[in-house]
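Enquirer: Input: one structure, supplied below.
The values are calculated or read from the model by the stated rules, or taken from the named source; none is laboratory data. Keep in mind that this is a model prediction, so the values were computed, not measured. Cβ placement follows ideal geometry from the backbone for every residue including glycine, while neighbour counts extend to all protein chains displayed.
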Amino acid sequence: MVESYGADALRLYLLFKAPFNADIEWENKGVEDLSKFLSRIFRMVEAILPVYAENWRDLIGFEELSQTAKEVRRATHQTIRNASTDIERFSFNTYVSWLMKFVNTLSKPVSSGAANEDRSLSLALSEAIEALILLIAPGAPHSADELWSSLGKVGFTYHAEWPKFDEELAKEDVLTIAIQVAGKLRDTVEVPAGASDKELEDAALASTKIQAHLEGKTVRKVIVIPGKLVNIVAN
């Protein structure tokens, strides 16, 4: 497997296939898939290099961010938070999953070429690609070191400072709230992050699907779990 796909692909496969303490059924294709994932990251870094700004930290706070740049920064800080937490608790399979999700999120703004015209996006992508390389280093150290060097960095990723997340930047602008009637999921609604319990209740009761399930019934209680769900008790 190492001769065919490289040690990093093998390592990522072993981390991703199952929880750390679980048995796995070996699949050669799984190693091949992780090799393709690493190749995708190499192509992504190559695509970002023309707009990469090494001094993004000095500039990003002074730029008015476009909506796409805001979304990239949010995804970056969410991934740093989630991947770091999963590594700490030995949840390596979900750690790799977060990296895959992050690469998928970055693929559209990178492939669009919008960063050539959007300075704030180029800065956000510069931050994102540095974070991605450092986050993948525990699972794919050889690839990470090569990518780190391609950014003009000196030394091994092992000696680089682990990226830090900003909880404010990681916050969602909009949350998807589940609506239950008598404990059964009946609809979902999108609400602004930070909406009050009353606003969540009003949004739930305003749903046409929920109104249909409440027809002929009296609402006895509305239970709100902030940021997650609204459960309506009616009979």
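Enquirer: Among the residues of segment 166-208, count how many are under 19 Å from the mean Cα position of the chain (by Cα) and either part of a loop (DSSP other than H, G, I, E, B) or within 10 Å of residue 231 (Cα to Cα) (or both).
Expert: Result for segment 166-208: 5.
Enquirer: Quick test of your reading of the structure: residue 127 fulfils all but one of (1) in contact with a helix residue (DSSP H, G or I) (Cβ under 9 Å, 6 or more places away or on another chain); (2) surrounded by fewer than 13 Cβ atoms within 10 Å (Cβ to Cβ); (3) modelled with pLDDT of 90 or more; (4) not polar (S, T, N, Q). Name the failing condition by number.
Expert: (2)
Enquirer: Also, I was wondering about something else. Of the conditions (1) surrounded by fewer than 12 Cβ atoms within 10 Å (Cβ to Cβ); (2) of a type outside the set (D, E, K, R); (3) at pLDDT 90 or above, residue 160 satisfies every one except a single condition; which number is it?
Expert: Looking at each condition in turn, residue 160 falls short on (1).
Enquirer: Let me ask you something else. Find the residue count for segment 78-135, including only residues that are more than 26 Å from residue 13 (Cα to Cα) and not in a helix (DSSP H, G or I).
Expert: 3
Enquirer: Can you tell me which residue in segment 174-190 is nearest to residue 221 (Cα to Cα), limited to those that are touching a Ser or Thr at 6+ places or on another chain (Cβ under 8 Å), touching a residue at least 40 places away in the same chain (Cβ under 8 Å) and crowded, with 17+ Cβ neighbours inside 10 Å?
Expert: It comes out as 179.
Enquirer: Could you tell me which numbered condition residue 59 fails, if it satisfies all but one of (1) touching a Leu at 6+ places or on another chain (Cβ under 6 Å); (2) buried (at least 17 other Cβ atoms within 10 Å of the Cβ); (3) modelled with pLDDT under 95?
Expert: For residue 59, the failing item is (2).
Enquirer: Under 8 Å between Cβ atoms, which residue pairs at least 6 apart in sequence (or on different chains) link something in segment 48-67 that is assigned by TED's automatic domain parsing to the domain that holds residue 132 with a partner that is surrounded by 11 or more Cβ atoms within 10 Å (Cβ to Cβ) and part of a loop (DSSP other than H, G, I, E, B)?
Expert: 49/151; 52/151; 54/151; 59/53; 66/118
Enquirer: Just to be sure, is residue 13 assigned by TED's automatic domain parsing to the domain that holds residue 119, within 19 Å of the chain's Cα centre (by Cα), aromatic (Phe, Trp, Tyr) and part of a helix (DSSP H, G or I)?
Expert: On the way: assigned by TED's automatic domain parsing to the domain that holds residue 119: yes; within 19 Å of the chain's Cα centre (by Cα): no; aromatic (Phe, Trp, Tyr): yes; part of a helix (DSSP H, G or I): yes.
Answer is no for this residue.
Enquirer: When segment 213-233 is examined, which residues are found to be more than 30 Å from the chain's Cα centre (by Cα) and farther than 12 Å from residue 179 by Cβ? Outline the logic, then answer.
Expert: Step one: filter segment 213-233 for residues more than 30 Å from the chain's Cα centre (by Cα), giving 213-222, 232-233.
215, 216, 217, 218, 219, 220, 221, 233 - these are the residues of segment 213-233 that are more than 30 Å from the chain's Cα centre (by Cα) and farther than 12 Å from residue 179 by Cβ.
Enquirer: Kindly indicate whether any position in segment 47-54 is closer than 30 Å to residue 193 by Cβ and assigned to a helix (DSSP H, G or I).
Expert: yes
Enquirer: Let me confirm something: among 193, 170, 206, 137, which residue is among the aliphatic types (A, V, I, L, M), surrounded by 16 or more Cβ atoms within 10 Å (Cβ to Cβ) and without any contact (Cβ under 8 Å) to a residue 40 or more places away in the chain?
Expert: Sole residue among the options that is among the aliphatic types (A, V, I, L, M), surrounded by 16 or more Cβ atoms within 10 Å (Cβ to Cβ) and without any contact (Cβ under 8 Å) to a residue 40 or more places away in the chain: 137.
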